[in-house]
1. Could you please find all residues in segment A:98-113 being more than 10 Å from B:R205 (Cα to Cα) and either small (G, A, S) or within 22 Å of the chain's Cα centre (by Cα) (or both)?
2. How about segment B:149-163: which of its residues are within 11 Å of another protein chain (Cβ to nearest Cβ), aliphatic (A, V, I, L, M) and touching a Leu at 6+ places or on another chain (Cβ under 7 Å)?
3. Which of the helices (runs of 4 or more DSSP H) found entirely inside segment B:1-82 contain at least 3 residues meeting this: at pLDDT 90 or above?
4. Of everything in segment A:52-79, what is within 14 Å of chain B (Cβ to nearest Cβ), at pLDDT 90 or above and assigned to a loop (DSSP other than H, G, I, E, B)? Give them in sequence order.
5. Hey, among A:V88, A:V114, which residue is out of contact with any His (no Cβ under 8 Å at 6 or more places or on another chain), within 7 Å of chain B (Cβ to nearest Cβ) and without any contact (Cβ under 8 Å) to a residue 40 or more places away in the chain?
6. Does A:G104 satisfy the criteria of being at the interface with chain B (Cβ under 8 Å from one of its Cβ atoms), of a type in the set (G, A, S) and in a strand (DSSP E or B)?
7. Regarding B:I158, is this residue within 19 Å of the chain's Cα centre (by Cα), surrounded by 18 or more Cβ atoms within 10 Å (Cβ to Cβ) and over 30 Å from B:T42 (Cα atoms)?
Amino acid sequence: MISVKNVYFGYEEEFVLKDINVEIKEGTFTAIIGANGSGKTTLAKHFNGLIMPDKGSVLVDGMETKKDSMNARKKVGFVFQNFEDQLVYSVVEEDVGFGLENLGYGYDKLKCVVDEALEKMRISHLAKQNVNSLSQGQKQLVALAGILAMKPKYIVFDEPTTNLDEKNKKNILNIMKELNKKDKVTIVLITNVLGEMKYADNVVVLKKGAVIFNGKKSRLNKKIIKEAGLGD
Amino acid sequence: MIKKLYFGQYRHKETILHYLDPRIKLIYVMVLSILVFLSKDTYSVTIFSLFIVLCILLAKIDIKTILKGLRSFYFIFIFLILMYIIFSPGQLRQGFIAIWRFLMFILISLTLTFTTPIAGLVAALERLSKPLKIFGIKPRNIATMVSIAIRFIPVMFINFERVRESMLSRLADFKKMKNIKLVVVLMLHRMLKSASNLSDAMYSRIYDENVESSKPLEFKKYDYVSMVFVIILILIIY
C-alpha cells in the first residue's frame, strides 16, 4: 500500500500540496483528477520518491520514501507525461533494458525480460528501431515497456494520453485496465479528462493542492467535479 | 527537416561494420582521426578517402542521405575556401586539405554512430574508461553523458524547429538580434526542462552510476580481420 500522511510540499514559500492524506491500496485502480496546477503531478512524484515531502511522510509498503527512495522506485514505476524525455537509449530494446541494467540483471536474463515486455506491449517488431523514428503512440508503448520490464507492483501514469490520438488513447487505457485486472498491478492514473477514469475503482480529487474528494468512484458527484474546476 | 534529424543516428543493418566490437570501433575512430591529421600529400589523401568510402559502402549507409545531411556544412566549407582565397591565395591547397579533414572527421563519426547502438557505445566507453576510476571518475557517468548527448541531438533540433516556426508564425524577423537572443533563451529553457524530465525518468528507473553495462563484449574474427585492414592502411599511407 502507498500511504501519504499529512504531506505538505511547496516551492519557495507557497505550498503546492497542503495536508494530503491518501491511501492507494494494492490491486486497485485509482484516478487522481484535478484541473491544471492542482498539484496532481507533484503528488504523484511523491509516490516513488522523486519528490520528498517538506512535512509529513510517504510510505510504500511500510518503507518511508525519505529513508529508502531506491526501494520505493523499485516498487513504483512511473510513466511520464512527456515520454519523449523518458527514453534514454536510442534503440528500443536497449531503452527497455535500461532499468534492468540498473537492477544488475545479467545480459541473458535482461534480454529475456526485455523480449517479454516488448511482447506484452505488442511491439516486438520495433525492437531494433531507433526511438527517434517512432510515432508518439509507439514511443509511449516503449516507455511503458521499460517500466513493465522492471516488474513494479505499482505504476503511476502521469497524464499518459496527452499527446496521443484517439486510437492510441484507447489502446493505453485498455493496457492499464489489463495490467490492473489480469496482472494485478496497482494503477494510479493522473488525469484531467473525466472520461479516462472509467476503469478506476477509486478517485482522488485535488483542488489547489488540497484533497476535496477521496473515495469510491460511485460516490463522486457533479458538484465535486464542478468544484474541482473540471465540469461545465 | 525531420529526415535531416536522423543524420548519423543508428540504423540496424546486417553488415560487417555493425558486427564489429564497439571498443575496437572507438579505437579506430581515434586512430583514423590521427591519420587524418598526418595525411598531407595527394597519395595519402586519396588512399584515406577511398578507405572511408569503402567503410561507408560496407556499412550500407545511403550516399544520398550523407550528401543531404552534409548540406548544413556546405556553408562552412565555402566560408573556409573564401577565407583562403581572400587572405592567403597562395595556400589554397591547404584550404582544401583543411576542408577534406573536416569532412573526414564527419564521415568517420557518422560511420561510428550509424553502425553502433548507444548501448554498445556505452558499454565500450565504460570498458575503455575504466582506468579513470583511479582518479575517482565513474566510467558509467561518462558513457551515459555521451549516450544522452547522441540520443538528444535530434530532440534538440525538433525543439529548435518548433521555436523557430512558432516565432515565424508570429512574424518574427530573424535578422534582428533580439529575436535570435529570444530563440537562444527559449531553446535553453526547453533543453533544461528536457534535462530535468530525463533526470527524473532516470531516477525512476533507479539509475546507478556504479552498475556496469551488462552488454557482453568480445572480440570476434571480424574484429581481427578489421585490425589487419587498418594496419595495412597505416602502412600504405606511411
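The values are calculated or read from the model by the stated rules, or taken from the named source; none is laboratory data. All values derive from a computational prediction rather than experimental measurement. Cβ sites come from the backbone with ideal geometry, for glycine too, and all protein chains shown count toward neighbours.
1. Listed by number, the residues that qualify are A:G104, A:G106, A:V113.
2. Of everything in segment B:149-163, just one residue is within 11 Å of another protein chain (Cβ to nearest Cβ), aliphatic (A, V, I, L, M) and touching a Leu at 6+ places or on another chain (Cβ under 7 Å), namely B:I158.
3. The qualifying helices (runs of 4 or more DSSP H) are B:16-19, B:22-38, B:42-58.
4. Of everything in segment A:52-79, those that are within 14 Å of chain B (Cβ to nearest Cβ), at pLDDT 90 or above and assigned to a loop (DSSP other than H, G, I, E, B) turn out to be A:M52, A:T65.
5. Going through A:V88, A:V114 in turn, just one is out of contact with any His (no Cβ under 8 Å at 6 or more places or on another chain), within 7 Å of chain B (Cβ to nearest Cβ) and without any contact (Cβ under 8 Å) to a residue 40 or more places away in the chain: A:V88.
6. Details: at the interface with chain B (Cβ under 8 Å from one of its Cβ atoms): yes; of a type in the set (G, A, S): yes; in a strand (DSSP E or B): no.
Criteria not met by A:G104.
7. No; evaluated as a whole, the condition is false for this residue.
This table checks each residue for (1) free of Cβ contacts under 8 Å to residues at least 24 places away in the same chain; (2) under 18 Å from the mean Cα position of the chain (by Cα); (3) farther than 26 Å from B:E126 by Cα.
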residue: B:H12; (1), (2), (3): no, yes, no
residue: B:T15; (1), (2), (3): no, no, no
residue: B:L32; (1), (2), (3): no, yes, no
residue: B:I61; (1), (2), (3): no, yes, yes
residue: B:I66; (1), (2), (3): no, yes, yes
residue: B:L70; (1), (2), (3): no, yes, yes
residue: B:I76; (1), (2), (3): no, yes, yes
residue: B:R93; (1), (2), (3): yes, no, yes
residue: B:I97; (1), (2), (3): no, no, yes
